[in-house]
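Following: one structure in structure tokens, then a few remarks.
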Amino acid sequence: MVAQVDSYLLPAGGVADPNGLYVITVGGNDLFDVGNGVLGVNDVPTQVIGTLVSQVSRLRAAGAQQFLVTNLPDVTGAPISGGPNPALQLAIGQLNDALAASLAGLGLGDDLHLLDLFGFSGDVASRPEFYGLPANILSAACVLSVPPSPTPDCSSFLYFDAVHPEARVQAAFSQIAAEAIGVPEPASIALLGLGMLGLAGATRRRRA
């Protein structure tokens, strides 16, 4: 995340657009490292939360006013996880608890919105039809399950590949995010891949 904030601020002379909405999703790569044994469960909250808080504060000092931060999804449902993973689920719970507490401690009030990506990921898997998805949607990775094609039909899958949700799942979450911050349809929010470390600024006019 530090490198991504650098790549945004440095070309702009260290000044953040005060009319931008800064959408931040962090920790996904670290959770996969827990699953792979690269990181210990207890390392994740300290490493991720410290970076997030410092970079939000950095963006704020540079002029950023509005933030939308997601917590971590239950990535144990992703094909890459290979099934139930108690260590990974524990890491997600620790990270989300620490994230909520740390964000509250920043004192940004209505300038910061915390969106429940964890709740969404579980809900979309348990009742996909509510989000306009097939009731019998598959949790496997589309590109690993259908014949190779430049334009595979992934409409029956939750995941495009082993990590990233299918486009319609991401679109459903984007709509929820837009509603959470009061962006009217058909305005949109630029979100990077769900569950992955990312930061994107979507310029919009701040509410009066």
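A short reminder: the numbers here are calculations on the coordinates, not readings from a lab. The structure presented is a predicted model; accordingly, all values stated were derived computationally and were not measured. Cβ coordinates were reconstructed from backbone atoms using ideal geometry, including for glycine residues, and neighbour counts include every protein chain displayed.
Brief remarks follow.
- Karplus-derived 3J(HN,Hα), 6.51/-1.76/1.60, for each residue of region 162-170, Hz, glycine and proline x: 5, 10, 8, x, 5, 4, 5, 5, 5
- Net length gained if the chain between ASP153 and ASP6 were fully extended (0.36 nm per residue, minus Cα distance): 49.2 nm
- Residue-wise HN-Hα couplings along region 93-108, as the Karplus relation 6.51 cos²θ - 1.76 cosθ + 1.60 with θ = phi - 60° gives them from phi, are x, 4, 5, 5, 5, 5, 5, 4, 5, 5, 5, 4, x, 6, x, 8 Hz; Gly and Pro carry x.
- From phi via Karplus (6.51, -1.76, 1.60), per-residue ³J(HN,Hα) for region 143-148 in Hz, x at Gly/Pro: 5, 9, 10, 10, x, x
- Sorting the segments 22-34, 58-70, 76-88 by their residues' average number of neighbouring beta-carbon atoms within 10 angstrom, most packed first, yields 22-34, 58-70, 76-88.
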